[in-house]
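The values are calculated or read from the model by the stated rules, or taken from the named source; none is laboratory data. Just so you know, these numbers come straight off a predicted model, no measurement behind them. Here the Cβ is made from the backbone with ideal geometry for all residues, glycine too, and neighbour counts use every protein chain on show. When the accessible area is computed, the model is the full protein with side chains, heavy atoms only, and any ligands, DNA or RNA have been set aside. Shrake-Rupley method; radii C 1.70, N 1.55, O 1.52, S 1.80 Å.
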Amino acid sequence: MNFEEVYNLPVLVDERGSLIALDKISGLPFDIKRVYYIFNTKPEASRGFHAHKNLHQMAICITGSCSMVLDDGFSKSTLEMNSCSVGVYLPPMIWHEMHNFSDDCILLVLASDYYYEDDYIRDYTEFKKAAKIR
Ligand code: TYD
């Protein structure tokens, strides 16, 4: 897997501090239709364990830290997320898992579409099969 999925987000810095604005013009590879965030994650809990058929997402660890496992069906990589100026792009057909959430972790996710359960592949065997025939 290559690491094109890691985006250094554009930080606007002035004497007051920093600001990041995200849209297609500033380099996000999709238009945002939905935003959600994950917080108060219990110690030892992991999340994700799915891929999407069509959805594009970007995950940003706003505060705290967690790790993200990415799997395209052929190889896996693990990214440590601990910077609010780094986004991890999750295009369709990337199996992803989030682990090792710190107590204060807030994981922000920008998504290209509304929530549709039928866009999810939650079975890893089904995902591997679908990844191979793409
Ligand atoms: P789930 O997909 O299990 O979260 P994760 O990918 O972090 O493991 O979602 C948890 C619950 O929230 C599940 O009942 C579906 C619901 N949900 C929505 O209603 N809208 C959303 O945008 C998302 C992401 C989840």
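Assorted remarks:
- Set Ala45, Ala51: member being part of a strand (DSSP E or B), within 13 Å of the ligand (Cβ to nearest atom) and small (Gly, Ala, Ser): Ala51
- Sole residue being within 11 Å of the ligand (Cβ to nearest atom), within 11 Å of the chain's Cα centre (by Cα), in a strand (DSSP E or B) and not basic (Lys, Arg), chosen from Leu70, Leu79, Leu107: Leu107
- Candidates in region 110-134 are the residues that are open to solvent by 40 Å² or more (accessible area, probe 1.4 Å) and assigned to a helix (DSSP H, G or I); of these, the one that is nearest to the ligand (Cβ to nearest atom) is Glu117.
- Some residue of region 19-28 being part of a loop (DSSP other than H, G, I, E, B), of a type outside the set (Val, Ile, Thr) and within 15 Å of the ligand (Cβ to nearest atom): no
- Sub-9 Å Cβ pairs linking a first residue in region 111-122 that is more than 26 Å from Lys24 (Cβ to Cβ) and of a type in the set (Lys, Arg) to a second residue that is more than 10 Å from the ligand (Cβ to nearest atom) and at pLDDT 95 or above, at least 6 apart or interchain, are Arg122/Ala51, ordered by first then second residue.
- If the condition is being surrounded by fewer than 14 Cβ atoms within 10 Å (Cβ to Cβ) and of a type in the set (Lys, Arg), then region 2-54 contributes Arg16, Lys24, Lys33, Arg34, Lys42, Lys53.
- Selection from region 54-67 of residues that are assigned to a strand (DSSP E or B) and among the hydroxyl-bearing types (Ser, Thr, Tyr): Thr63, Ser67
- Taken together, the criteria exclude Ile60 from residues that are of a type outside the set (S, T, N, Q) and either more than 19 Å from Val6 (Cβ to Cβ) or in contact with an Asp or Glu (Cβ under 7 Å, 6 or more places away or on another chain) (or both).
- Restricting attention to region 87-106, the residues that are open to solvent by 40 Å² or more (accessible area, probe 1.4 Å) and of a type in the set (A, V, I, L, M) total 1.
- Taken together, the residues in region 19-45 that are out of contact with any Pro (no Cβ under 7 Å at 6 or more places or on another chain) and touching a residue at least 60 places away in the same chain (Cβ under 8 Å) amount to 15.
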